[in-house]
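The values are calculated or read from the model by the stated rules, or taken from the named source; none is laboratory data. On a predicted model such as this, the values are computed, not experimentally measured, just so you know. Note that each Cβ is placed from the backbone with ideal geometry, even for glycine, and that neighbours are counted across all protein chains shown. When the accessible area is computed, the model is the full protein with side chains, heavy atoms only, and any ligands, DNA or RNA have been set aside. Shrake-Rupley method; radii C 1.70, N 1.55, O 1.52, S 1.80 Å.
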Amino acid sequence: MQNLPFYRPSGHEIEIAEQAVAAKLPIMLVGPTGCGKTRFVEYMAARLQRSLVTGVGNDDTTTADLVGRYLVHGGDVNWVDGPLTRAARGGAVFYLDEVVEVRREALAVLHPMADDRHRLFLERCNETVDAEPGFALFCSYNPARSIGFKELRAAFRSRFVTLALDYLPVADEAKVIEREAAVPELVARRFAEMAAALRKGIGERGVDVPSTRMLVSAAQLVARGIDEKTAREVCVIAPLANGGQTPPEALRELVAAL
């Protein structure tokens, strides 16, 4: 297979996802921010040689945002497919990130797409769309962000094969940083060890912790000549501290103790 996005598995998620898609089962990815959920979907779409259509859920996501709406253009009123409808018609992979944020009435359109019907009902234009062969449904969310305000209903969760993803062990995460940022192995290792220490030191309090994405960004700055301390400060310490959950001094102390 050519031109696959780089992805380092943490377990058997590739094999399970491949077989789930073959069985036409939807997949739910659960894991912390920046642990590789989106990259995993990109990798699987490329591995399966299918197009990828993405969407990001939020409090303002409506049914029309997913399936489509009528729009006025040049005096004419035409139906325009939303991302879910485009994926169904094109036999593509549809990925909805932060599904837990989506309004329940909008989420309902996914129900018949997540069972053996694989069918989409477009009430506005009185059309039924049967998903073309190749269609696959991936959703994801960060469980730490969903606690206490919008739990997914059991009737919805039960339709999915659920894969729990997490940050990689230090050695594996260092390999990802080294590969993605093109930095020396020792630099990548220091960033990975720093992240592990911070996750252990502050993660138990239920606050934000460094994501692999943050570490790669910091390492990319180092690859461009920025010193490690500054890269660490602007890509890891400052973003975490600006969340207001952990003072920057506490983060710096944890890092200095390494």
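For the reader, a short list of remarks on this structure follows.
- Test: Asp130 is charged (D, E, K, R), more than 30 Å from Val176 (Cα to Cα) and out of contact with any strand residue (DSSP E or B) (no Cβ under 8 Å at 6 or more places or on another chain): no
- The single residue among Val53, Val77, Val67, Val93 that is free of Cβ contacts under 8 Å to residues at least 12 places away in the same chain and of a type outside the set (Phe, Trp, Tyr) turns out to be Val77.
- Residues that are closer than 25 Å to Ala17 by Cβ and charged (D, E, K, R), drawn from region 42-67: Glu42, Arg47, Arg50
- Set side by side, the residues Arg179, Arg190 differ, and just one is basic (Lys, Arg), in contact with a Leu (Cβ under 9 Å, 6 or more places away or on another chain) and surrounded by fewer than 23 Cβ atoms within 10 Å (Cβ to Cβ), which is Arg190.
- The residues of region 22-50 that are polar (S, T, N, Q) and either buried (at least 19 other Cβ atoms within 10 Å of the Cβ) or closer than 30 Å to Ala218 by Cα (or both), listed by number, are Thr33, Thr38.
- In this entry, Arg159 passes the filter for residues that are part of a loop (DSSP other than H, G, I, E, B), in contact with a helix residue (DSSP H, G or I) (Cβ under 8 Å, 6 or more places away or on another chain), closer than 26 Å to Gln19 by Cβ and open to solvent by 60 Å² or more (accessible area, probe 1.4 Å).
- Output for region 96-133, where each listed residue is under 25 Å from Ala46 (Cα atoms), in contact (Cβ under 8 Å) with a residue 60 or more places away in the chain and surrounded by fewer than 16 Cβ atoms within 10 Å (Cβ to Cβ): Asp116
- With respect to the conditions (1) of a type outside the set (D, E, K, R); (2) more than 26 Å from the chain's Cα centre (by Cα); (3) more than 14 Å from Arg190 (Cβ to Cβ), Val255 falls short on a single one, namely (3).
- Selected residue (criterion: farthest from Leu52 (Cα to Cα)) from residues of region 1-21 that are hydrophobic (A, V, I, L, M, F, W, C) and open to solvent by less than 80 Å² (accessible area, probe 1.4 Å): Ile16
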